[in-house]
Every structure is written in structure tokens, then in C-alpha cells.
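Trainee: Let me begin by handing over the structure; questions about it come next.
The values are calculated or read from the model by the stated rules, or taken from the named source; none is laboratory data. No experiment lies behind these values; they were computed from the predicted model shown. Glycine gets a Cβ as well: all are built from the backbone with ideal geometry, and neighbour counts include every protein chain shown.
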Amino acid sequence: MLVPAFQLHLNEKIQRAQATIGRFDGKVPALACATVGGKVFLHQPHQQAGGPDNQIAYLNINKQISAVVSGRLLSSKDVLLVGTSANLQAYDVELNRDLFYKDVQDGVNAALVGPYASFDQQLAIVGGNCSIQGYSADGSEVFWTVTGDNVAALAFCDVDQDGRNELLVGSDDFDVRIFAGEDVVAEVPEADTFVALAAVVGPRFGYALVNGTIGLYDRLDRVWRVKSKHSVCAIASYDLDGDGLPELISGWSNGRMEVRRADTGEVVYRDHLSCPVAAILRADYRNDGLEQVVVCGVEGEVRGYLPLDLEAAGPGAASEADFSEQQALLAELAQRKQELAYELASYANSRAQAKEAPPERGSVIPPDTRVDSYIAVNREAGTCDLVLRTSNEQAVIRGVVVFGEQIFEQESLFVYPRNPDMQLAVPLKPLKDVAVVLMIKVLVGGRTASLFHVFELEIELPKFSLYAAVEKGAFAEPESNVQFSVSERIPRLCAWLESRFNLKAPPAGRADTLEAYFLCLRDKAPLLVRATPVEGRVQVTLATDSMDMAGELVGDLAAYLGLGDLASTAHFPGAMRAFKEVLDQVDAHNVTRLRMNADMADASNALKSLIIRAEDARILGAMGPMRKYYRQLADMNRDLIVEHDKRATNHAALLEALREVNQMIQRAARLRVGGPKGRVVALCRAAIKANNMAALFKIIRDGDGPV
Amino acid sequence: MELELFRQDLIQTSTCAAGTMAVMPLTEEKKTQKVAAGDLSGVIQCFSVKKGDFQVAFKTLPSKENKVTSLVLGKGKTQRDKIFLAAGSQIKGVNKKGKEFFRFNTQLTETIRRVDIFEKNIWSAGEYVHNHFIEGRDKALYLCPDRINDATVVPLAGPTELWPVLACQDRYVRVLRGSAVCYEAPTPAAPVSLQYVPESHDPQHRFPQAKEVLYGTDVGTLVQLLLEPEAARQGFTLPNPKKQGAVATVYSGIDFTKTGMNNIVVGREDGGVEVLDLEEAGQLTSVYSVKLTESINALDGGFVTGLLAQEFVLHSFSGKIISYAPPGGGLLAPPPEAPSRGPLGLRKAAPPPAAPLPGAEEEERRASYARQIERLRQEISALRQEIEAERTRFQARGGDTAQLAMSAPFTVQDKCKLEADEACYVLTIESAVPIFTVAIQSNAVLQMLDVPTNVAILSRSPPDESNGNLTLATYRCQDSTNRLAVKFKVREGRPSSLSAFVIPAISPKACLVVRHTIKPLCLHSRITAMDADRPTNELLITGSFSAGDVHGWITGVLHDLPPSLPPGQDGATYYFTNSLLGTQLMIKYRAGEARFLSDLVSTLGILHEHCMREATNAKQRVTVSFNPSAQSLQHSVALVWPQLEKQRTLKKTYMMLEGLQELRMQDGDVSYLSPEYRSVLDRADKIRQEYKEQPQHLDHLVALIKDLYLDFCKLTGVATPKTRIPALDQLLLDPGSSLEDLMEFLTGQRGVWALDPGRGVEPEAEEEAPSGGGSQGSRWPLGQATVREAEREV
């Protein structure tokens, strides 16, 4: 049993994931949390002056706060960083002044402070709409890169154990990207949007998803995961059981706090808060030299936990716990024994039945029944079908339960045909291109049975399974393409196609060239893969109108061939035309914004004077004019609301357009691998800063260019 | 006072039926008591525990035909150590050595669920029939009007004059005398377990002659009933505020708390076990509780593992026999580091048990636990080896995995029950082995609800209408889960079926399907009387049918009815209440005439439709007459109205919430808002939660009122006024409309209809105008708030 070392109730709401503990005066710790109404409160238990009533101080931000973090941006003390949807404020609490205040157009969805990559100082890393920025202590932007979608979670972890922090970025496209410097070194697909990421120990890191899953990765391999129907609010890691290995600690919407072993995911401790957990922090909050795990609840409950010290616990307490543990172990062993007895009894029964005269075959399926499975493309329905077939007339498929990540709306699909037959097609429509292992439970029995045999199958759905191979000339070649050359042989590329696509026959490739045509069943978009040998190398052309698709293919091919660097030429006239429009929009929205701001200021002034006049009239008892002024006020108010709506729409459109820009850079980067990839990002950023749009297009096309 | 009890796992049987375990009486020598248990694989075993060692007195071989469905000890003087059991329609007697000395084939068609033996008397209770045999000859027979859930015999008229007492599904405890009911005591809910307690809990000795029985109900309450030859008196009741499972078994024979009165041990269907203490004032308090993961099928007690203290023993569904002993009792082993033998191999004098050394017991218990764990581990590894050997043999034989899966003793206990308080159904599935997944299929739209105690993850599949599956879902269990509760809401009107495919987590993998039908009036539950003041509609069906025909019709529509008409009766009367709306239904029928009375027209509509179909299928001529009551329409609408209004308000506040929260964020201090809005802000999370939980509830209620209206029109012979339905829709969804508006709409239409059907459209237009005004009125306060906000911005 885990007993809190201390427990407080602050009577202040704490926003989810927006709490931090820092030594803002360089000496004693204080807790800073975002609360309601755009405010941050500071709880300073070690502040002696003013007594206990004065432990809470407020900072007014007056905007919706989206992130609260702290860190040693200054050498002598921690700095409080507050992010909103449009800016980042670094605040020196002790001196009550801003260290810097930056406009961050992409918003601050998540932030953290720490040493990163080769920078010799601590950086404040900020993740927004598809972009990641790094600021130094003076507020200058020293680092910028893009990612696939809105950033939801950030964490530092030394995944490759080279002594330097990598940055883990969980984004809304369900991917964790691992950045070393400005380059993405790895991507890990997951099943849902991220809630949080946390480094655990060495190359291990934990993750939490919106759908209630938490789990742990060791480098790029998932060690374990568990799912709950509650939603997870925060994760952190700390060695609470004192065995030398940090555990993964999770906080949940029902107030539960769980400590799970990093290696097995087994629950070590549990505790319950009275309200949903808002954040889990690690700090020496008592200022006695021992680090605690501090768990904050959304209603302001704060609990601190110390690692279990076996020596310190009294003998009585230990033995009390001991018995319940033994009883629990006893119950578990009894359960295990029962399960084994069940299996044994099945064998015994089966033998007994075999001895008896020919067993009734009524519900029992023939002994040699198999269930075969394959994946077929169903072009009419636009799905790829998982086809299951029994090898025997007497055995029909009553139902199928398929479990798979990321391809269903929820985690499973249950198919129950009205008339069971030997064959059953399960329509699959993966929402995105991803290789998944399907866990299939096929219920097979006689035609009238009520007890079924469960066949368990596993089948890997190829990454690009929703692409149907078509004949040459079935569609016009897409006008857009990406080209690059690799020093590989054609058969190797054929092998890649075979493993990634759902091909019935090997791709029609002569030894010298490879040409394969596909149709994406999701949006009926054509795709052409062509490889021709040129001067000892192979020139590869991927023709598709979708840059995302091309990027996905390039990344996958490079990984398959083990290429570290790959430069390419991108020719996407359609996408570029659209991008040009987006850039125009950004300009237009920016202009509108400035103009509207001016209008708004005018209207506010007029409003102010009207109120004064109206109140004057009221005090003077002149009811007629007062009524007139208030009527005008009401009119103006209505106009203002209308204006505000317009402004809000404009702002939303602007943000959307900016997101598009970032995504375009990301798409362009994904058409390259390794060094050239990072170069595209850096050059694009420079071009945007210099407002050199012509160069931007050239960079996207060639992956290089002067800025 | 809190009790401390220690758990000991004794043995493991196969899955068992309810009431198939008993503790044998104390013998004269100083020996622990033996425990006898039967299970569904047909094994009967009897074992004892001596100084921590398990000794099996006997164990029979499994046999599929002899599934043990009841196991008791004889009640006659010389029979107390004889085991009697029922298997199918057979009753057997086995002595303590395991020798069968008695066998009696009752020739009954029903499976015997409970047997009782007193000297030459045998009482057997089946599904509906209760028999009394003397020396193998029929003495009495009673055919119960509804299912017999449990039965016992009580010496009501003298120590040798035993009378049967039955717990029946139709909410009666019946006391029989011969073949006739002596009297029946109504119960608040269906009694599911019954226990005669010789030492009655009557602290004030008010009824020294009365015999006590305790019965547990399917809603989880426990009631004391004091029986006398002429009448019964209800004693204390254990309420069930935490909504725990049904009381599956009761035992009272040990005084753990040393109050002079035996404690009552209650075993529940959801695995809960509680020890209760009766206080002077007649209040029951829980002194010990523990929660197992499977249902408790039998409870008994005695000196089982030690002679120092009595303990209670339970038999769980999957066949675990577990005892709970108080401090001082139970399994204790000498601690390993202190050898208990003296230097010459002589036993040291044992310390007097009255004054054990402090901490010594703890040490012993610790050692005993270590030993138990060690023993289990050994058993497990032995089992593993056996399985390994079997597996090799199986493969060598060219094993048939399908057949293996079919021979798995995979049993599932399930129940689908209406949760009247919440107007939803709960399907509980309990399996002897851990469940991997339960896949649910239904041809009706089921709204799956969350069950807080479930750890299973629900995943809905999109409905597949081409195959007639309107609901498809899977529940994936994590850890090792043997029990799963699936809670869902369903609409009345159409018969539907529900199948649950249970896939176990361990091999061999067989999948068992459990099916339940949901009848058209599925939200109706039986009540014993009806509120006569309500205005009712009447549906009268006459024709040349028999009473049995009508009974057949209505059993197809309503749950909770006996499967056939009680014998010797030509007609019956039943009362029901709709758990969602609180409306009532009375059914009164005899040959040639069936009368249905309800304050809700829709109910009659459904009944009418169903009965007509059944009658047509049977080629029977019937005449239907309907006597509607306009007041009843109003009355039933008024019943639904508060709920509708609540849901509408909820929706409105939910929509408002966002705006209000933004205001608070902007201003920080929202004290200028009206108290109403401030309270909305304070309840923000609750409102959100409520709204999220019941997004379809409002639609459900609107559909209900519409159905009501359409049914009313249909049954009164008015052509369905399709054109008016959109207007009704609007009226119902508009948060400004009042009950009066609605009533006017519903009845006004009737008036107009009577005068001139052609003008039916006109009042509709008028109807809309005031309702529109109402909605504006409701929007005004929010607009005001916005103005204020703008002012403050300056």
C-alpha cells in the first residue's frame, strides 16, 4: 500500500497537464499551475512572510493558457514559461518581470525545458501546429522544425543512448517522431492521439493515448501496453518501490493513480484521489533533500509520495501487509491451478470420448478442418477483404472477431453472417496506410451447433493493402511525381513492392525496368511505380498526385533498402498551385487582421464614451438621453459581436493556412531521407522568414536552393 | 466491530451447481469435520484437513450423466453423516466412506434442483414441481405457478413433522402442507435462496415458537421470515444500497462476534461475501466482507481445518472450496525455524491455547501460508507435467483439436435481467475459465452502457443491416476475468434476440454461445397490485379461444410470466409496471375473453399487434374493441413530461455551458451572473457527463411520445395524421414549450378532428407561434450576458 507523504488541498482548480514545480528564486520550490480564467497560481509553501494565507499568488495571463512549464533557462534560478494559443511568455517570478515574450504563430500546445542536441545551453522547446521551436534564454529562436501534425506531447529521452537527449514528439497523426537535432531519426505509429510522453529509464519511454492506453517502449519496440476504459490524464516515472528501476506512474480521469513496473507493466501500487488527476510531477517539494512524486488533482488536491523505504516501515505494518499479500497470492495460485485443471480435464474427457463408440459428430467439426485466410482486394466495395474459408463442408464459420490497431473505429470488428457458410469475407478499410497484425478469432462449428471451436489466426495486413494492382493504361499517368536514384538492383525493388502491396502475381518487371500500376481504393487515386536503370544506378519514379502518399512510399522504401540519405526531385504542379493559394491566403488574412484590429480599437473607444455619457445621464436623472445612449450602446455591442465573429473566423482561417504551410514543408521533407530531409526543413524556414516565396517553391522541388 | 478472518484455499472441484457442498457433523473423536462436495462433472468427493494435511476420504469418477445438482446431509437422527445427492432425476445416498447405499429414480422429467431427506421422507424440488415421497412412493405433489428458485423443509408442526417451504419466482414464499399451499408470504422481490435457521435470530424472544427462514432476493436483499403453522411474520431486512448482486446462498451457524447469536454469512452472485451481525435493535451490520471474482454457490461451516475455532466454508462457481477462519483457528503450522520436537523426538508440551504467546500465532500463520503456497505451487507443477504428458500422448494419437475443444468442460452461467430502477437490462456472464472476449450480437438497437465495475473494454462494430445485425460489439477482458456484466438499454415494441459468444482466454479454445430473447414489452416488470385511480384505456379481445391460448400470446410479449397457465385455473390476472415510465398494465383473461387495461396506449398497441398476429397464425377469429381514454393520453404524457423536460433542459444547459465558461475565463469573477448560470458553471462537469452518457435519451423520449400519439390515433380509429408529426416534433424539442401546449396539441387535434377533419392543419400554425416566442424568451438572458461582457471589455 502506498501512503502519501503529504497531502494538501489548495482549493484551486488545476488545468490538466498544466502544472510545474520550480525553484523560481533559486532556493525553495513552488508549484505553478494554470487555473480557470486565464490565470496561473503559485503555491509557495516555503514562503515564510505573510503566513499560511499568503501562500498562493496569482499571475494574470488573460488568455487561455495551453502550457505551463519551468526550467533552468537562467543559471541561478528556474524560469516559469506560460504558453497560450498565440504566444510564449518566459517569466522571472522573483523579479516579477518577463524574461522574454514571443509571438508564436503556431501556438503552444506543449512545451518543455532542458538540454537538447548539441546546444550548449538549456532550451525551451515549444510544440505547436505542426511545428517545433526552440528558444534560448534571451528569447531568440535557435531551433525550428516541422512535424506531421499538431504536437500533442513532448518529452526528452536518450533513446539511442549516445549521451544526448533526443526529443520525442507525439502528434495528432498518431505518430511519435524521435528528433535528434532537426532530423527525425525514427517514427513510431500508435493507435490514437497522444496525451503524454515520459522518459522512464535509459532508452525506455512511456506513452499515454486519448483512448485510455498506456504503454512503454524500449527504443522502438513496445514492451507492454494496457488499455482502460477510463481516460489517462498524466504519466511520469519514478522509482517508488525502491528496487532501483523507475516505474511508470499514471494518473486517470477517475482519480486513480497507478504505479506499474517498467519491464512487465504489472501494477505495483494504486491510490485514489478524490478528483481526476491533472498532473504528476517529480520534485523535492518538501525541500528536505528527498525527491517526491507530486500528484495534482483537477480540484486542487495535491499528494506527495516518497519511495518505499523498507527499513523505515514498522514491523507490525509490514506483517499486516504481508498477510493480505499472501492471501492474494493464494487466490492467484488457486486460479492458476483451476485453469490447469480445466485443460487437463479437456484431455481426459477427450480421451474418454475417443474410447467410447464413434463420438457424435453433431456439433463436432471434422478433425482435419483447417481455416485458410488471405487478403483480397474488393474493388467494387473499395475495401480489402479478409477472406476466411474452412476446408470442410460440415464446418461453417459462425462468426469472426478481428482485433487490430488503427484500422477500425474502435479496437475490434465482429462479423456475424445471417447464414453461416464455409467462406466469409471480412471487409477491411484501413483508415491509413499502416502495416498491422490482425488477431483473428474464427468461430467454427457444425451448422446447428451452439458450441464452437475457436481458430486463432494472425495475419499481417501489408502496409499498402488498400491499393489494387491494375493494368497499364487503366488510367492516365498522374502529372505529379517524385524522382530519385538509388544504387540498387531492380529485383530488390520488386521484392519491396511484393512485401508492401497486396499483389497476387509478382510485379510485371523485366530485368531491366519495373513498372507497376495501382489504384488506391480509398480515394480512387492512381499510383505508378517505375524503376529504370540509368548508368549503373536505378532511377525510381513514384507518380501520384498525393504528396503524402509519395512521402510515405519514399520513407518506406528507404527504410526497406536501408538508405541513410536520399535526395529527390519533386514535381507536384497541382499541389504547388494549391500551396500558392494558401500562401496568398496567409497574406490576405494577415492584412485583414491588421485592419480589423484597428477598427476594433476605434469601436472600443466609442463604446467607452457612450457608457460615460449614459451613466452621466442616469446620475443626472435624464432618463430620455440615457435610454438613447443605452440603445446606441446595445447597437454598437451587436456590431462588435458581429465584428468579433468575423475576426475569429479570420483568425481561424489564418491558423489553418499556417498549418498548411507547415504541413507542406513537412511533406516536402518527407520526400527526402536523412541529411537532405533536414536541409529542406532548414531552407524552407529560412525562405519563409525572408519571405522569399520563389525560393520556397524551388526548395520544395529540388530539395535545395539559394535563400 | 470488524472481524479478522483468514482465507485458506482447500480444494478445487469442477464447476458446480448451487448448493452442492456440505460440512459433515462433528464425530465423537477429536477430529476435524469432513467436507463433502459434488460438481457438474459428476464427481462426489469428501475430504478432511488434519494438521494441515489434506486427506481424501473418497472421490468418485466423473460421469457426464451424473451432474450433481443438489447435495445435502440427511436430517434423520441416524442419517446426519449420510450424504444425499440429486443427479438429474435420480436421488442417491452415499455414506461417509463413499459407498452408495441408496438409489432412487424419481421418474421425474425435471432436473431436481434441491433434495431433502428426513428418515423415510424424500422431498424434491424441480423447476416447477415439488414432490414428497415416502419409501419411494409418491405422497404429495405440488405444481407451482412459477419457477421454484429454492426449497427447504422446516419442522413447523413438531420436530418430526417437516413442512416444505418454497421460494418462488413470482415473489412468494410458499409453505406447503401435503399437496396444498398452507399459506404464502409475499416478498418484495423474487426470492432466490432460502435457508432454514434452527437457532433463530430473535433477540427479544418474542416469538419462541416461530421457525426462522432467511431468504435472499435477486435484488440483493436479505429478509428474515418467522414461520408459524398458520402464518408468517416478516422480521429484519438487509437493504442493498450498494446494489450488490443477488443473494445466492445464506449460512448462519457460527458466532464469530461472540454476541450469543450466530452471525449470518451471505454469499452473493457477484462474488461478494459478507458476515453480518444482528444487533439488539434488529439492525444488521456488516462485520466482515470480501469480494471474490465468481459467484458463491454454497456456504457452510464447522471445524474444518482446526479444532480451535469454527470457520465458514464456501464453494464457488468454478469449484473452489475456500474456508475463512477467525484468529486462533484455521491452518496454522509450526514455524520452520523452531523445530517442534524435543531432543529425544518427544513432542514438546504444546503451549496452552488459552494464552498463546503474542506473535506466536502470527508466526505460525505465516508458516502455514508459506506451506499452503508451497503446496499449491507443487500441485501446479504436477499438473503442468501431467498436461505435458497428455499433450504428447494426444499428438502421438494424431489428436483432433476440434474434438478436444468440444470436450473442454467449458461451462458458462449467465443471466439476463431487467434492472427496474434504471430501465435497462444487465446480462451477466460467468465462466469457469478466464474470458478473453465476449462478442455481442443482436437484431435490435442496443444502447450499451458503462458498468463501473467492469474492466473489459467495449468496442462497437458498425451495425451490419444486410445481415440483420443492428448491434455488434465486443468486450475484451484484461487480466484474468471470469465475470462480465453487459448493461444496455433497449426500446419496447419489437421482439428481438441477443447472442453472446464467450471466448475463453486459455486453451483448448471452445466458444460457447448464450442466447436471450427480448420480448416486445421488455421494460415491464411484475407487480402485485395496481393503482386504481389512474385513467386507463381498455383493450378487449373476444373470440373462441381458450385461456391457455391467451396465456401463450402474452408470454410471447412479457417476461416474468409462468410458462403455462397454472393448472386447474381458467384464467388469471397479472399486473405489470413499465420501469421507464411508471405506467401500469393489467391483464385479465379467461376462455373467450382477454381484457388489457393500461394508462399507456402504446403498451396496448404493442399487445394488440402481437395478439392479432398470434391469433391470425393460429387461424382464430377474434374481435377487438378498444375503449380509449383521452385522459389517459394526457396522463401518460404527463408521466413522461418531467423526464422530457429534464432532458431538454440538460441539452439546453449543455449548449449554454461553453459560452458561460468562456465568460468565466474572460472575467475570472462571474459573481454578476444570475445564480442559475453560476450553478450551471459549478455543475459543469456533471452536466457534461450526464449529457455524454445519454445523448440519445431525448430522442428516445420524443420518439416515445410520438409513438404514444400514433398508437392512440391508430387505436381510436383515426387515420394517422402524418402531416402533424413534424409539428409535434418541433413542439417536443423546443425547450420553451410547456405541458399545456402539448396537451392542447394532442387533444385539440382530436376536437378539430371530430368537427372537421379538413381543418386539421390550421391549429398547428397557431401552435407554432407561441412556442417560437417561448424559445426567444429563453434565449434572452444569455444575450444579456453577452452585452455585459462587451461592456467589460472596454
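Trainee: Any residue that is more than 30 Å from A:Ala328 (Cβ to Cβ) and either of a type in the set (Lys, Arg) or away from chain A (no Cβ under 14 Å) (or both) - is there at least one of those in the stretch B:11-20?
Mentor: Looking for residues that are more than 30 Å from A:Ala328 (Cβ to Cβ) and either of a type in the set (Lys, Arg) or away from chain A (no Cβ under 14 Å) (or both), one finds none in the stretch B:11-20, hence no.
Trainee: If we scan the stretch A:437-455, do we find a residue that is more than 13 Å from chain B (Cβ to nearest Cβ), of a type outside the set (D, E, K, R) and free of Cβ contacts under 8 Å to residues at least 40 places away in the same chain?
Mentor: yes
Here is a yes/no grid of residues against (1) within 14 Å of chain B (Cβ to nearest Cβ); (2) closer than 27 Å to A:Leu654 by Cα; (3) touching a residue at least 60 places away in the same chain (Cβ under 8 Å):
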position	(1), (2), (3)
A:Thr35	yes, no, no
A:His46	no, no, yes
A:Asn60	yes, yes, no
A:Ala90	no, yes, no
A:Glu94	no, no, yes
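Trainee: State which residue is nearest to the chain's Cα centre (by Cα) when the search covers only the stretch B:223-244 and only residues that are more than 23 Å from B:Glu161 (Cβ to Cβ) and of a type in the set (S, T, N, Q).
Mentor: That would be B:Gln244.
Trainee: For A:Ser253, state whether it is hydroxyl-bearing (Ser, Thr, Tyr) and in contact with a Leu (Cβ under 6 Å, 6 or more places away or on another chain).
Mentor: Judged against the criteria, A:Ser253 is not a match.
Trainee: Output the residues belonging to the stretch A:470-495 that are of a type in the set (Gly, Ala, Ser), in contact with a helix residue (DSSP H, G or I) (Cβ under 9 Å, 6 or more places away or on another chain) and in contact (Cβ under 8 Å) with a residue 40 or more places away in the chain.
Mentor: A:Ser480
Trainee: A follow-up question, please. Considering each residue of the stretch A:349-378, count those that are modelled with pLDDT of 80 or more and farther than 24 Å from A:Met439 by Cβ, and give that number.
Mentor: The number of residues fulfilling the criteria is 0.
Trainee: In the stretch B:586-624, what count of residues is obtained for those that are among the small types (Gly, Ala, Ser) and under 22 Å from B:Asp531 (Cα atoms)?
Mentor: Qualifying residue count, the stretch B:586-624: 4.
Trainee: Considering only the stretch B:500-552, give the strands (runs of 3 or more DSSP E) lying wholly within it that have at least 3 residues that are in contact (Cβ under 8 Å) with a residue 12 or more places away in the chain, over 21 Å from the mean Cα position of the chain (by Cα) and surrounded by fewer than 23 Cβ atoms within 10 Å (Cβ to Cβ). Talk me through it step by step, then tell me what you get.
Mentor: Numbers: elements: B:510-518, B:524-527, B:537-543.
Result: B:537-543.
Trainee: Residue check: is B:Asp464 in the same structural domain as B:Val502 (by TED's automatic domain parsing) and at pLDDT below 85?
Mentor: Working: in the same structural domain as B:Val502 (by TED's automatic domain parsing): yes; at pLDDT below 85: no.
No, not satisfied.
Trainee: Away from chain A (no Cβ under 14 Å), out of contact with any strand residue (DSSP E or B) (no Cβ under 8 Å at 6 or more places or on another chain) and closer than 29 Å to B:Val412 by Cβ: which single residue out of B:Lys243, B:Lys258 fits that description?
Mentor: B:Lys243
Trainee: I would also like to ask the following. Check B:Ala281 against each of (1) buried (at least 18 other Cβ atoms within 10 Å of the Cβ); (2) more than 21 Å from B:Val49 (Cβ to Cβ) and name the one condition it does not meet.
Mentor: (1)
Trainee: A follow-up question, please. B:Ser179: buried (at least 21 other Cβ atoms within 10 Å of the Cβ) and closer than 21 Å to B:Pro155 by Cα, yes or no?
Mentor: Details: buried (at least 21 other Cβ atoms within 10 Å of the Cβ): no; closer than 21 Å to B:Pro155 by Cα: yes.
Answer is no for this residue.
Trainee: State all residues of the stretch A:508-567 that are free of Cβ contacts under 8 Å to residues at least 40 places away in the same chain, closer than 16 Å to A:Trp496 by Cβ and among the charged types (D, E, K, R); if no residue qualifies, say none.
Mentor: A:Arg530
Trainee: Looking at A:Leu2, A:Leu73, which is the one that is over 30 Å from A:Phe323 (Cβ atoms) and aliphatic (A, V, I, L, M)?
Mentor: Sole residue among the options that is over 30 Å from A:Phe323 (Cβ atoms) and aliphatic (A, V, I, L, M): A:Leu73.
Trainee: Continuing with this model, one more query. Please go through the stretch A:62-88 and give me each residue that is within 14 Å of another protein chain (Cβ to nearest Cβ), among the hydroxyl-bearing types (Ser, Thr, Tyr) and surrounded by fewer than 21 Cβ atoms within 10 Å (Cβ to Cβ), ordered by number.
Mentor: A:Thr84, A:Ser85, listed by residue number.
Trainee: Here are some residues: A:Gln410, A:Gln394. Which one is at pLDDT 80 or above, at the interface with chain B (Cβ under 7 Å from one of its Cβ atoms) and out of contact with any helix residue (DSSP H, G or I) (no Cβ under 7 Å at 6 or more places or on another chain)? Give the steps one after another, and end with the answer.
Mentor: Working: A:Gln394 fails: at the interface with chain B (Cβ under 7 Å from one of its Cβ atoms).
Selected residue: A:Gln410, the only one of A:Gln410, A:Gln394 that is at pLDDT 80 or above, at the interface with chain B (Cβ under 7 Å from one of its Cβ atoms) and out of contact with any helix residue (DSSP H, G or I) (no Cβ under 7 Å at 6 or more places or on another chain).
Trainee: While we're looking at this one, here's another question. Going through B:Tyr251, B:Tyr215, B:Tyr288 one at a time, which residue ends up being closer than 22 Å to B:Asp146 by Cα and among the aromatic types (Phe, Trp, Tyr)?
Mentor: B:Tyr215
Trainee: State the number of residues belonging to the stretch B:316-330 that are within 13 Å of chain A (Cβ to nearest Cβ) and either assigned to a loop (DSSP other than H, G, I, E, B) or not hydrophobic (A, V, I, L, M, F, W, C) (or both).
Mentor: 9
Trainee: Taking B:Glu269, is it in contact (Cβ under 8 Å) with a residue 60 or more places away in the chain, touching a Ser or Thr at 6+ places or on another chain (Cβ under 6 Å), among the charged types (D, E, K, R) and crowded, with 19+ Cβ neighbours inside 10 Å? Quick ask: steps written out before the conclusion?
Mentor: Details: in contact (Cβ under 8 Å) with a residue 60 or more places away in the chain: yes; touching a Ser or Thr at 6+ places or on another chain (Cβ under 6 Å): yes; among the charged types (D, E, K, R): yes; crowded, with 19+ Cβ neighbours inside 10 Å: yes.
So B:Glu269 passes the test.
Every residue, every condition in (1) within 11 Å of chain A (Cβ to nearest Cβ); (2) among the hydroxyl-bearing types (Ser, Thr, Tyr); (3) in a loop (DSSP other than H, G, I, E, B); (4) under 22 Å from the mean Cα position of the chain (by Cα), yes or no:
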| residue | (1), (2), (3), (4) |
| --- | --- |
| B:Val433 | yes, no, yes, yes |
| B:Met448 | no, no, no, yes |
| B:Ser459 | yes, yes, no, no |
| B:Gln478 | yes, no, yes, no |
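Trainee: Identify the single condition in (1) away from chain A (no Cβ under 14 Å); (2) in contact (Cβ under 8 Å) with a residue 24 or more places away in the chain; (3) surrounded by fewer than 22 Cβ atoms within 10 Å (Cβ to Cβ) that B:Lys50 does not satisfy, given that it satisfies every other one.
Mentor: All conditions are met except number (2).
Residue-by-condition table, conditions (1) in contact (Cβ under 8 Å) with a residue 40 or more places away in the chain; (2) facing chain A (nearest Cβ under 10 Å); (3) of a type outside the set (Lys, Arg); (4) part of a strand (DSSP E or B):
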site	(1), (2), (3), (4)
B:Ser381	no, yes, yes, no
B:Ile387	no, yes, yes, no
B:Gln395	no, no, yes, no
B:Pro409	yes, yes, yes, no
B:Gln413	yes, no, yes, yes
B:Cys416	yes, no, yes, yes
B:Asp421	yes, no, yes, no
B:Leu427	yes, no, yes, yes
B:Phe436	yes, yes, yes, yes
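Trainee: Report yes if some residue within the stretch A:494-506 is touching a strand residue (DSSP E or B) at 6+ places or on another chain (Cβ under 7 Å), within 14 Å of chain B (Cβ to nearest Cβ) and surrounded by 14 or more Cβ atoms within 10 Å (Cβ to Cβ); otherwise report no.
Mentor: Within the stretch A:494-506 (the criterion being touching a strand residue (DSSP E or B) at 6+ places or on another chain (Cβ under 7 Å), within 14 Å of chain B (Cβ to nearest Cβ) and surrounded by 14 or more Cβ atoms within 10 Å (Cβ to Cβ)), the answer is no, since none of the residues qualifies.
Trainee: Can you work out which of the residues in the stretch B:462-474 that are surrounded by 17 or more Cβ atoms within 10 Å (Cβ to Cβ) and under 28 Å from the mean Cα position of the chain (by Cα) is nearest to B:Ile429 (Cα to Cα)?
Mentor: B:Thr474
Trainee: Something else: Take the conditions within 30 Å of A:Phe403 (Cβ to Cβ) and either more than 22 Å from the chain's Cα centre (by Cα) or not assigned by the TED database to the domain that holds A:Glu405 (or both) and apply them to A:Pro246. Does it pass?
Mentor: no
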